[in-house]
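Everything on this sheet refers to the single structure shown next.
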Amino acid sequence: MKPVPPRVLSHLAKKCGLDTEQLRKIAGGHEYSDGVIFRAGDSPLLMKIMVMHYGDELALAKLVERFKFARLMGANGVNIVYPLAQDDGSLYRTFIDGTDLYLAYLMDYIPGATILQSNWRDRFFIEWGRLVGKMHAVTQTYPIWQHAMVQTPHGKKKVFGWQEEWDFFYEWCRDEEVRNAWRRIKDRLLQLPIERSSYGFIHNDPHAENLLYDGKHLVLLDFDVANCHWFVTDIAIAMQMTLFQMGGMEKPVQNQRAVQSFLSAFRKGYEEENLLDEFWWQQLDLFIHYRRTLLFCVMQEWMESNPTARNSWKRMILNPPPVVNLPR
């Protein structure tokens, strides 16, 4: 995410009814971020600013659909932060700066904090699973589930399918061996069924850093990469921080018991809200591998200066070991 110019920040804050002089950044703004989040003083609201190329109607249409998805989740009792309608009913404000379109939207400020790994317990994992399971139950009522067709100046275009996500990261990746591995993953995914009970519009990023504990409940943040995908994708993403710590993502598994303990507790909570056929739990290694390879593409700039990490990560991609279904 490129820096937000002061004039853009001032203009959007005023449009959103916030005190520009009191604005302070509280999250985002990194190279790999999709936006920047601000709060004005003790306002009960947050403002998130994103940027896209002016005239990219497809990107804007995708974002608006994600707004609708998040609001549906909230309306059905899922603890999720979602865009708030402003006085005129609009969900966002925009400002054009040269070739850039900056977009801002408001959401509730949720007091609380992410759960430190030192405090990770089964209770936390169960609540996490329950939250993801409830989203998957609710999304089965959402009209878009296989993909969406969006009108563009050049006609309708298919978006929000897993293959569109795959294409994006394939084009981004600069390592030919990793690209070959990405193609092999696609071949395996093409063989999987796409059914309403296991595939649909999902959050697509419910990892630990996108969770807040408000003193009573876990609250899910950041729906800005929501997409149509297999439900098990969200489960693999929830596991990713455990796998970075315990092994299984960019290095071999070092603590199998911790990995299995997490999954057992998470699944217990998940199944209190939604039942997923056993077939899909058996696909977790494939979807962990999908996430491992996707994140390699995301982090490839950082890995240029960390060759040891890069080599370890690449070995895991080229020769993916069992993680969830480890041999006894």
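The values are calculated or read from the model by the stated rules, or taken from the named source; none is laboratory data. Every value quoted in this text rests on a predicted model; they were computed, and no experiment measured them. Methodologically, a virtual Cβ is constructed for each residue, glycine included, from the backbone with ideal geometry; neighbour enumeration extends over all protein chains shown. The protein model used for the area step is the full one, side chains on, heavy atoms only, and it has no ligands, DNA or RNA in it. Shrake-Rupley method; radii C 1.70, N 1.55, O 1.52, S 1.80 Å.
Given the DSSP H assignment, sum -39500 (n - 2.57) over each helix run of at least 4 residues in the chain and divide by its residue total; what's the result at 222 nm in deg cm²/dmol, nearest 500?
-13000 deg cm²/dmol
Going through region 229-311, which GluC sites (Glu not before Pro) have at most 10 other Cβ atoms within 10 Å and a DSSP loop state?
Answer in residue order: Glu304.
Quick one: work out the % antiparallel among DSSP beta bridges in the chain, nearest 5.
Counting DSSP beta bridges with both partners in the chain, the antiparallel share is about 95 percent.
May I ask you to give the solvent-accessible area per residue for region 1-83, in square angstrom, as obtained with a 1.4 angstrom probe?
For region 1-83, the per-residue accessible area is 50 Å².
What is the extension gain from Phe168 to Glu271, computed as 0.36 nm multiplied by their sequence separation minus the C-alpha to C-alpha distance, in nm to one decimal?
Here the segment from Phe168 to Glu271 would lengthen by 33.9 nm.
Given Gly55, Asn306, Val259, which one lies farthest toward the positive end of the charge dipole of the chain, if we put +1 on the Cβ of every Lys and Arg and -1 on the Cβ of every Asp and Glu?
Towards the positive end, the residue furthest out is Val259.
Under a point spin-label approximation (7 Å from Cα along Cα-to-Cβ), what is the Glu57-Trp302 distance to one decimal in nm?
For Glu57 paired with Trp302, the spin-label model returns 3.7 nm.
Share of region 41-88's accessible area from carbon and sulfur, percent, 1.4 Å?
Accessible surface attributable to carbon and sulfur in region 41-88 totals 48 percent.
Straight distance only, please: which lysines reach the Cα of Lys216 with their own Cα at less than 27 Å, same-chain residues fewer than 8 apart left out?
Lys25, Lys48, Lys68, Lys134, Lys268
So for the pair Gln117, Met149, with labels modelled 7 Å out along Cα→Cβ, what separation do we get in nm?
The modelled label-to-label distance comes out at 4.6 nm.
Calculate what fraction, in whole %, of the accessible area of region 94-189 sits on carbon and sulfur atoms when a 1.4 Å probe is rolled over the protein chains.
Of all accessible area on region 94-189, carbon and sulfur atoms account for 52 percent.
Given charges of +1 on the Cβ of Lys and Arg and -1 on the Cβ of Asp and Glu, with all other atoms neutral, how large is the dipole of region 179-260 about its Cα centre, in debye to the nearest 20?
My answer is approximately 480 debye.
Once phi is turned into ³J(HN,Hα) by the Karplus curve 6.51 cos²θ - 1.76 cosθ + 1.60 with θ = phi - 60°, what whole-Hz value does each residue of region 68-82 show in order, with x for glycine and proline?
4, 4, 5, 5, 5, 4, x, 5, 9, x, 7, 6, 9, 7, 9
Rounded to the nearest 20 debye, what is the charge dipole size of the chain about its Cα centre when +1 sits on each Lys and Arg Cβ and -1 on each Asp and Glu Cβ?
In total the dipole reaches around 440 debye.
Excluding ligands, DNA and RNA, what is the solvent-accessible area per residue of region 176-328 at a probe of 1.4 Å, expressed in Å²?
43 Å²
Dipole magnitude of region 225-328 about its Cα centre, charges +1 at Lys/Arg Cβ and -1 at Asp/Glu Cβ only, in debye to the nearest 20?
Dipole about the Cα centre, nearest 20: 520 debye.
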